1. For residue B:281, state whether it is crowded, with 21+ Cβ neighbours inside 10 Å, at the interface with chain A (Cβ under 7 Å from one of its Cβ atoms) and either acidic (Asp, Glu) or within 24 Å of residue B:222 (Cβ to Cβ) (or both).
2. If we keep just the residues of the range B:299-314 that are touching a residue at least 60 places away in the same chain (Cβ under 8 Å) and part of a strand (DSSP E or B), which is surrounded by the fewest Cβ atoms within 10 Å (Cβ to Cβ)?
3. Quick one: which of A:302, A:323 is facing chain B (nearest Cβ under 8 Å), at pLDDT 95 or above, within 27 Å of residue A:395 (Cα to Cα) and touching a Gly at 6+ places or on another chain (Cβ under 9 Å)?
4. Given the structure, is residue A:423 within 13 Å of chain B (Cβ to nearest Cβ) and part of a loop (DSSP other than H, G, I, E, B)?
5. Out of curiosity, is residue A:179 farther than 30 Å from residue A:415 by Cβ, out of contact with any strand residue (DSSP E or B) (no Cβ under 6 Å at 6 or more places or on another chain) and not assigned by TED's automatic domain parsing to the domain that holds residue A:17?
6. Go over the candidates B:380, B:376 one by one and state the one that is more than 30 Å from residue B:99 (Cα to Cα), over 22 Å from the mean Cα position of the chain (by Cα), within 9 Å of another protein chain (Cβ to nearest Cβ) and buried (at least 24 other Cβ atoms within 10 Å of the Cβ).
7. Looking at (1) within 21 Å of the chain's Cα centre (by Cα); (2) surrounded by 24 or more Cβ atoms within 10 Å (Cβ to Cβ), can you tell me which one residue A:296 breaks?
Number of protein chains: 2
Amino acid sequence: MNIRLYNARILTMKSSEILTGEVWVQNERILYVGDGKDTDDVYQRLKLGSILWDREIDCEGNLLMPGFKDAHTHSGMTLLRSYADDLPLQDWLTKQVFPIEAKMDGEMIYHLTKLAILEYLTSGITAVFDMYLTPDTVAKACVEMGMRCVQVSGMSGQDDFAQSLERTERCYLQYNHDDPLLSYFIGFHAEYTCSRALLESVAALAHKYKAPVYTHLAETRSEVEGCRERYGMSPAKLFDSLGIFDYGGGGYHCVWMDDEDMEIFQKRGLSAVTNPGSNTKLASGIAPISEYLKRGINVAIGTDGPASNNCLDMFREMFLVTGLAKLREMDASAVDAWEVLKMATVNGSKAMNLPDTDVLEAGKLADIIMIDLRQPNMQPLNNIPKNLVYSGSKQNVKMTMIQGKILYENGRFAEAYDVDAIYGKANEIITSLR
Amino acid sequence: MNIRLYNARILTMKSSEILTGEVWVQNERILYVGDGKDTDDVYQRLKLGSILWDREIDCEGNLLMPGFKDAHTHSGMTLLRSYADDLPLQDWLTKQVFPIEAKMDGEMIYHLTKLAILEYLTSGITAVFDMYLTPDTVAKACVEMGMRCVQVSGMSGQDDFAQSLERTERCYLQYNHDDPLLSYFIGFHAEYTCSRALLESVAALAHKYKAPVYTHLAETRSEVEGCRERYGMSPAKLFDSLGIFDYGGGGYHCVWMDDEDMEIFQKRGLSAVTNPGSNTKLASGIAPISEYLKRGINVAIGTDGPASNNCLDMFREMFLVTGLAKLREMDASAVDAWEVLKMATVNGSKAMNLPDTDVLEAGKLADIIMIDLRQPNMQPLNNIPKNLVYSGSKQNVKMTMIQGKILYENGRFAEAYDVDAIYGKANEIITSLR
């Protein structure tokens, strides 16, 4: 498909400048970003002669920008949205979440991932970093629906040890080549769910493939205290001392990090993925985002799974990142809107190893969203980046395109999706598992 | 207009039970809420014979509930949305907000209030508690657009003292009778902007009319500290000692309240209106909501004005109320979703003295919203109230009805509104004042 998007405002994310012009998409990639005034030149320079457009879309002055990157989620947990909230963390996890998860199979997770994908699209999320139980059926759901998905294994000592490692290696080899929408990284659940032997095996696997490693890290104070009791050091230091981070990677949550932990992140070039909605709802704490930024650590944003958030909405996360930083520092100037917008786009691409999705530029993948500026919450147009972070909501997502395909437009999903069937399946599954 | 809403789920807010059935609206009021199975009986009991419906709306299983009450806002500040953010509070207020506000006139505020009303409607807000500079043009905008508006005077020592009092009394007499959509209460800006003499005059006015009084209260730590230096007591105690709260009323923000302040709120039956979006963005702090609830204080929710929030979105506020309480108490079970939903509806009605708008019941005013449950963020339907608070967004507002009139439906505003002209005016005004 060749698609011409014209009469647009454009935020490329290479700078905070708002351009006026056009974005051209040829199949899965961006062909041109510019003012559209030099079209003959452009055709000639691109040696195209001319292009037959499959669609020409008048953006009516609305904003085109790179899609949001959800850098930490568990898509299949849509099942448990609003299933058990307002409970202390341990009760929630052990009495409600784990017993249901133990009964979930790959086919269920296939359907529940589809439900999550619908929601990502409504929030302009064009790529997710997903850790969940059945990577094959997650991959199937994403490819079928056209979602870009970076999977990461969630190895833990609760699984069969050898099987868990073996599956991770098999997926690592398979899903980095299987489909252009998919990639796969080595990861483990968290220090408190893994034995030392498993952590050492993770390090060995990372070394074998010179691969980065990702994990839940320093989410709660008690997790860090427990690790100090068990190993005499913080989780970040433990992982680093085992060689787990020798080829990079990062941590999800990163709420309770000390100076030494941050130095490890700097030294290894790790990404800190913040999940403020989840950290708020589960009363885990407020991450020290200002300090990460001061140290030049790459900060990305994740929604976490819908059981702990409960929605998959990058707008709410963006407001929370800056809002909670302001509260933490008691400084209304902490972590400004532009920094947050970078976290939700370019920093996410970096954390997820998707360099071709970070900005709007010729040659990059066409993961593009259109933001409806003709909604009252975007008016007046004093400052579009600040409007996005402080006032934006799902209601403003007018179009979501992944890999050149429009999957959500003007409140409607791609025709190929059977939305009612997806909703029906989710309700059927929770009823069957209760 | 007689409107029949059928095939609905119904959350009356009298309990958390979800009914299935119909809501009938006759002109400005609710005629019937029930399962719709006893229609002949109902017609007979209501002595109607039959009703000629102007519209019959198939709700397709979506949810009807009372509209949200925004219990503290400054609508006209839409002008300054994203105009000056990420600044320390004092710089923001004195260098950016005040100089522009000094140049705003009644006609400008008329147009800017209209912009705010569009946004309220997209978030299912059916009544606002508005404090702003030109009450007559605010009233005009609300009546023209059909918005329910409780105004409150924002007297301060910066205005001409006598004029300010006189205008408040004139508005109090006029706008409690002028139009059924309007009401008006006595209020003043805050302790730190009023002289003692003005505060005493406010008390005298409250006594004259046996009227409640509202004000910004304990928003920042420095405000409370300043008051203690000036008067040797907290603002709440000062106001109470002057007799300002003898006929009730309440405070906006209420972040920095001590035990004695809370006892005054209990004793006088005052409402605490929390504004978590604004308190977050301006780094003011987290209000002790759990303690208010324990003491039986009526807690309502406000967005505050769009210069400090920057959006007028009850969904974001609802998540923040519970999320911030959970963080403050470090307890994931603090302030559950149902409490929050009551704050956004029935408690708001109480704080704003709008008893006929609190629940869905025959005889109440028809201020009703329809929530789209057929969106991915509302699925599966494990728990609708929790879905609303933890996962809801503007995208879920399918219809907003005020006083029996549908003003927003399926993403479209009432035909009578000239939306483009409202946006145009807002941009024109900020350009002219820069």
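The values are calculated or read from the model by the stated rules, or taken from the named source; none is laboratory data. Being a predicted model, the structure only gives us computed values, none of them experimental. Cβ coordinates were reconstructed from backbone atoms using ideal geometry, including for glycine residues, and neighbour counts include every protein chain displayed.
1. Yes, satisfied.
2. Filtering the range B:299-314 for residues that are touching a residue at least 60 places away in the same chain (Cβ under 8 Å) and part of a strand (DSSP E or B), the one surrounded by the fewest Cβ atoms within 10 Å (Cβ to Cβ) comes out as B:300.
3. Step by step, each of A:302, A:323 is checked, and only A:323 is facing chain B (nearest Cβ under 8 Å), at pLDDT 95 or above, within 27 Å of residue A:395 (Cα to Cα) and touching a Gly at 6+ places or on another chain (Cβ under 9 Å).
4. no
5. no
6. Testing whether each residue is more than 30 Å from residue B:99 (Cα to Cα), over 22 Å from the mean Cα position of the chain (by Cα), within 9 Å of another protein chain (Cβ to nearest Cβ) and buried (at least 24 other Cβ atoms within 10 Å of the Cβ) leaves just B:376.
7. Only one criterion is unmet by residue A:296, namely (2).
Residues are listed down the side, and each one gets a yes or a no for (1) assigned to a helix (DSSP H, G or I); (2) hydroxyl-bearing (Ser, Thr, Tyr); (3) on the phi < 0 side of the Ramachandran plot:
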site: A:12; (1), (2), (3): no, yes, yes
site: A:23; (1), (2), (3): no, no, yes
site: A:60; (1), (2), (3): no, no, no
site: A:70; (1), (2), (3): no, no, yes
site: A:79; (1), (2), (3): yes, no, yes
site: A:85; (1), (2), (3): no, no, yes
site: A:90; (1), (2), (3): yes, no, yes
